[in-house]
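Since every read-out is calculated from the coordinates, none of them should be taken as a lab result. Since the model is a prediction, treat every value here as computed from it, not as a measurement. In this analysis, Cβ positions are derived from the backbone assuming ideal geometry, glycine residues included, and neighbour counts consider all displayed protein chains.
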Amino acid sequence: MGRVRTKTVKRASRVLIEKYYPRLTPLDFHLNKKVIDEVAIVPTKRLRNRIAGFTTHLMRRIQRGPVRGISFKLQEEERERKDQYVPEVSALDSSVAPLEIDPDTDELIRMLGFDNLPVTVTAPITAVAPERKGRHVPGAALMDAKYAYWRERYMRSSPAGLYCFYNDESDNEDAITCSEAHGYAMLIAVLHNTQQDFDGLLAFFLAYRNEHGLMKWQIRSNKHGQLYVKEDAEDCATDGDIDIATALFLAQQKWAHGSPMYPAGAYGNEGARLADAIMAHCIHPRLHTPLLGDWCNEEDKQNRKLYDATRSSDFILSSFLLFHTKHPDPRARAQWQQVLESTLEAATSQLRHCKTGLVADFLVHDKNGWVPATWRLAHYYAITRDERILPLLQAMYHTLTSKHFPSVPAGLRVRDAKPLVDYSSRAFIAPVGYLAYTLGDSSAHMAAVRALDDEESSYFGDSIDLVVAEEAMAAPHWLA
């Protein structure tokens, strides 16, 4: 696959911008290509074009706002230039303050012919948060730092409680959160043992349930800061409610004594109530697999087709197992066992149709990007070691680690794993890393962990990365 951006491309592009920012442009790929030809010796035209393309992409992003990996001084000067502010000394004047780079970047720029750059090589600094009581395990400090970064960037408060802000790229007008984001946030809070955050998130969920007792899928904020829900957002999205119910059952296990906001047993009661609502409105009564949402019906031919459809991203087998194990009602436990078995069969049956092990986003009972169902299925195997799903995971692992890894395109054609897009993100790399970890490939797992650092921050990527990491640490105690 030619267009996935490698570590070399990304580092080279950032070095170019740091040194030659005034000569580069966000508008003209060909001009940037000429600059590269003048200032560096690049082994191949293909690599040069990749660097020029990513450089142009980063230049556009700098015009819009902060970009991870580019010096703060340079970006501040760009904003000041727009405001017609002229500093006494340019941040780009390397004679005053040479660029600070790590040893790996120093080796890279010398390989690319940037030997004459005045730089200062410094040892990389790893952020370490204070270790908190109850998490005396390897990697806890790193997880605390990861959580602190995610919380500061995405957690917001409102009169109704806490929520996870998901519209960081302003793609959804005035929307501020959705049930998917809220599910991720509640999982992260309970797995990271932050009960106060969890209570704030629970309060927000309780304030934005629809008539079925499920979370309204999208919440917006008007220009006065008042939260509201559009009529077409009153319905639910299945995966968000499954994650919220999962978080509630886990909270009951962890904090059975309750909290100042919620009495003992409240978490479990809310979890059971939500699981019942999911069973009543989001599970197919005959097929026993997840529906797309509580809006599905059989009113006409088109709706009937959607009613018999399901999404692989809703195949959250570890949650169905938790509901089967922890629900207080024996009848409900039996129903969730049936959902677990039917969904497991729907997942494993895909290997009969396609040997890549990739599972289509939408499945119809009677086709075509891949989504990070990898993590959900791998987590179930990590908890249960259920051999029935192992062949599917092994085929998926072989496909995803043999062609582009550790770059994982954010869309693959199911039948032959051909990339459908030319970019990756943490939302796709983290699940594959967890899959490798679950199957015992520590080398591939660490390659994925390193690749995560080269991806730009985003709500979706950062949230999935953190949920995957938290669930990996919690897997041995999932059903405790």
*asked:* Can you give me the C-alpha center-to-center distance between region 178-222 and region 46-61, rounded to a whole angstrom?
replied: 39
_For region 258-317 and region 410-472, what is the centre-to-centre distance using only Cα atoms, to the nearest Å?_
27
*Local electrostatic count, ASN167, Cβ distance below 13 Å [Lys/Arg +1, Asp/Glu -1]*: -3
*What net charge is computed for the residues neighbouring ALA480, neighbours being all others with C-beta under 12 Å from the C-beta of ALA480, Lys and Arg scored +1, Asp and Glu -1?*
+2
*For GLY265, list long-range residues whose amide hydrogen, built 1.01 Å from N in the peptide plane, is under 5 Å from its own amide hydrogen.*
GLY258
*If amide H atoms are built 1.01 Å from N in the plane of the peptide, which residues on other chains or at least 5 residues away come under 5 Å of the amide H of HIS284?*
THR289, LEU291
*Output ³J(HN,Hα) for region 8-25: one whole-Hz value per residue in order, computed from phi by the Karplus curve 6.51 cos²θ - 1.76 cosθ + 1.60 with θ = phi - 60°, and x for Gly and Pro.*
4, 4, 5, 5, 4, 5, 5, 4, 4, 5, 4, 8, 10, 3, x, 8, 8, 9
*Quick one: SER442, SER318, SER458, fewest Cβ neighbours within 10 Å first, how do they rank?*
SER442, SER458, SER318
*If you plug each phi of region 216-228 into the Karplus form 6.51 cos²θ - 1.76 cosθ + 1.60 with θ = phi - 60°, what whole-Hz ³J(HN,Hα) values come out, in order, with x for Gly and Pro?*
4, 6, 8, 10, 10, 10, 7, 5, 8, x, 8, 7, 8
*Just tell me which aspartates and glutamates come within less than 17 Å, Cα to Cα, of LYS254; anything on the same chain fewer than 8 places away is out.*
ASP197, ASP199, ASP243, GLU270, GLU470, GLU471
*By a straight-distance test (C-alpha under 16 Å), which aspartates and glutamates pair with LYS10 as possible cross-link partners, with residues fewer than eight away in the same chain excluded?*
GLU18, ASP102, ASP104, ASP106, GLU107, ASP422, ASP453, ASP454, GLU455, GLU456
_Net length gained if the chain between ASP37 and LYS355 were fully extended (0.36 nm per residue, minus Cα distance)_ = 110.1 nm
_Estimated [θ] at 222 nm from DSSP helical runs (n ≥ 4, -39500 (n - 2.57)) normalised by residues in the chain, nearest 500_ = -16000 deg cm²/dmol
*Per residue Cα convex hull volume for the chain, in cubic angstrom?*
174
_In order through region 233-248: 3J(HN,Hα) via Karplus (6.51 cos²θ - 1.76 cosθ + 1.60), integer Hz, x for Gly, Pro_ = 10, 6, 6, 9, 10, 4, 4, x, 5, 4, 5, 5, 4, 4, 4, 5
_Residue order, fewest to most beta carbons within 10 Å, for HIS327, HIS398, HIS288_ = HIS398, HIS288, HIS327
*Arrange the following residues from fewest to most other Cβ atoms within 10 Å of their Cβ: ILE17, ILE389.*
ILE389, ILE17
*Kindly rank 189-198, 227-236, 447-456 from highest to lowest mean number of other beta carbons found within 10 Å of each residue.*
189-198, 447-456, 227-236
_Which listed pairs, of LYS45/LYS146; LYS216/LYS403; LYS19/LYS223; LYS216/LYS301, have C-alpha distances above 31 Å, in listed order_ = LYS45/LYS146; LYS216/LYS403; LYS19/LYS223
